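Read the figures in this text as sums done on the coordinates, not as results from a lab. Since the model is a prediction, treat every value here as computed from it, not as a measurement. Counting neighbours? That spans all protein chains shown, and the Cβs are built from the backbone with ideal geometry, glycine included.
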Amino acid sequence: MSSNNQNAYVYNAWYVAGWSSEFNEELTPLVILEQALVAYRCADGSVAILEDRCPHRLLPLSKGQRIDDNIRCGYHGMTFNERGKCVRIPGQDNIPSSAYVRAYSIHEKNNIVFIWMGDPEKADIHTIFDLPQFASDDWHAHQGDALHLQSHYLNVAENLVDPAHVSFVHPTTLGNSASEDVPVHVDVDSDVLVAWRWIRDAPPIGFFQKFGEFEGNVDRWHYYYLHMPCTAVIDFGSASVDAKLEESERDKGVRIFALHFLTPVNEHYTIDRWMHLRNAALDDEQASDQMDAMFRIAFNEDKEILEAIDEAEKRPQLRKPIRLAIDKGPMVYRRRIASLIEDEISSEEPTTLVG
């Protein structure tokens, strides 16, 4: 990690290393928060993730060989187990205490592999993101893709607490012109930031024209929930106008949760693993495929916007960007991330994490 970026991230948090399906017995190199890692699935089915750097000559261990549940460095054969302990140095019996690599705290849940990037003593699996709908027979969970964006994760996360962009960036899929002038409400008083709005008695968006089978206008909603440091839930759906749904009755309509797990790679690269939960077409895999196709269109529209912004930010700026009323959620988000980072710096935690 470069010294300029050492304090650019929140370390004491769970991040998504990947879908469970991404890990097998092969050595898989990863980069998260600019840290080079190597992952593999052990014989007992658990996932191990180690620092991808031999402490001798710094060759990435991912260039080595898997020996049972151990990794043998491809340069001089130093061998490390799944806990990062050196178990063999060819040609000598003595193994110095400095001969180790960091082993990260891992937890697998809902077919997702989570990694704790910070102080291992603070890793609490009870703080891992979850939704009750994962365990409900009334909902269907479907994993989508890993969207690779050449964009800073803060910009990506801001986009996921910003309902106002939907009308203009996604006019044929997730939004339409009916919502352009509908005010956005924001709640920043809890740990999770929320931005939302209802669009009453309006044409359905393209997504629900296809899946809702609505005739005529609908009442529809967008609720954007942003969990620190960078997990987002977009709760969106529609119901017939005649249903006269209250905000607390969204389950009575066609309701979908689009989940976005952001993994910062470096200051110009973010991986957005997205999936959805739905309360309709529960046993229809064709519906999953069709939804994936529409999500890909929409999220590639976000990708185009966010990557263009990243390029613009690299150029000299003659003045600061202006802020609008719709920016309350993103502004509070940036302040919270800055505060979390500052708390870690003041406690000198980052210097213990990257050695």
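Quick check on the exposure proxy: order C42, C54, C86 from fewest to most C-beta atoms within 10 angstrom.
If I rank by nearby Cβ atoms, fewest first, I get C42, C86, C54.
Quick one: angle between helix 328-346 and the longest Cα principal axis of the chain, in degrees between 0 and 90, rounded to 10, please.
Tilt relative to the chain: about 20 degrees.
Using alpha-carbon pairs under 8 Å, 6+ residues apart, how would you state the relative contact order of the range 132-315 in percent?
28
Given the DSSP H assignment, sum -39500 (n - 2.57) over each helix run of at least 4 residues in the chain and divide by its residue total; what's the result at 222 nm in deg cm²/dmol, nearest 500? If you can, show how the numbers build up before the last one.
Details: 6 runs with 70 residues, N = 355.
About -6000 deg cm²/dmol.
What number of lysine-lysine pairs in the range 132-315 show an alpha-carbon separation below 24 angstrom, given a sequence spacing of 8 or more or placement on distinct chains?
The result is 5.
Among residues other than R200 whose Cβ falls under 9 Å from its Cβ, what is the net charge (Lys/Arg +1, Asp/Glu -1)?
-1
Which lysines does K85 reach when only Cα atoms under 27 Å apart count, and residues fewer than 8 places away in its own chain are ignored?
K63, K109, K122
Determine how many Å³ per residue the convex hull of the Cα atoms of the chain encloses.
153
Starting from the Cα coordinates of the range 9-125, work out the convex hull volume and express it per residue in Å³.
105
Take every Cα-Cα pair in the range 132-171 and report what % of them are more than 13 Å apart.
I get 71 percent for the Cα pairs in the range 132-171 exceeding 13 Å.
With an 8 Å Cα cut-off and a minimum separation of 6 or more residues, compute the relative contact order for the chain in percent.
This gives 18 percent for the chain.
Please order Y15, Y223 by the number of other Cβ within 10 Å, starting at the fewest.
So the ranking, lowest neighbour count to highest, is Y223, Y15.
First select every other residue whose beta carbon is under 11 angstrom from the beta carbon of H140; then total the charges, Lys and Arg +1, Asp and Glu -1.
-4
Which of V38, V184 has the fewest other C-beta atoms within 10 Å, and how do the rest follow up to the most? Intermediate results must be reported in sequence, preceding the final value.
Details: V38 23, V184 19.
Ascending number of Cβ neighbours within 10 Å: V184, V38.
Just flag the trypsin sites (Lys or Arg not before Pro) in the range 214-316 sitting in loop per DSSP whose Cβ has no more than 11 other Cβ atoms within 10 Å.
Answer by residue number: K244.
Taking every alpha carbon pair in the range 220-264, what does the distance histogram look like in 5 angstrom bins from 0, in percent?
Pairs per bin, as whole percents: 5, 22, 27, 16, 13, 9, 5, 2, 1.
At what distance in angstrom do the alpha carbon centres of the range 113-179 and the range 181-239 lie from each other?
Here the answer is 14 Å between Cα centres.
Can you pull out the GluC sites (Glu not before Pro) in the range 238-300 whose DSSP state is coil and whose Cβ has at most 14 other Cβ atoms within 10 Å?
For GluC sites (Glu not before Pro) across the range 238-300 that sit outside H, G, I, E and B with at most 14 neighbouring Cβ atoms in 10 Å, the list reads E246.
Please give the per residue volume of the convex hull enclosing the alpha carbon atoms of the range 132-315, rounded to a whole number of Å³.
Expressed per residue, the convex hull around the Cα atoms of the range 132-315 is 121 Å³.
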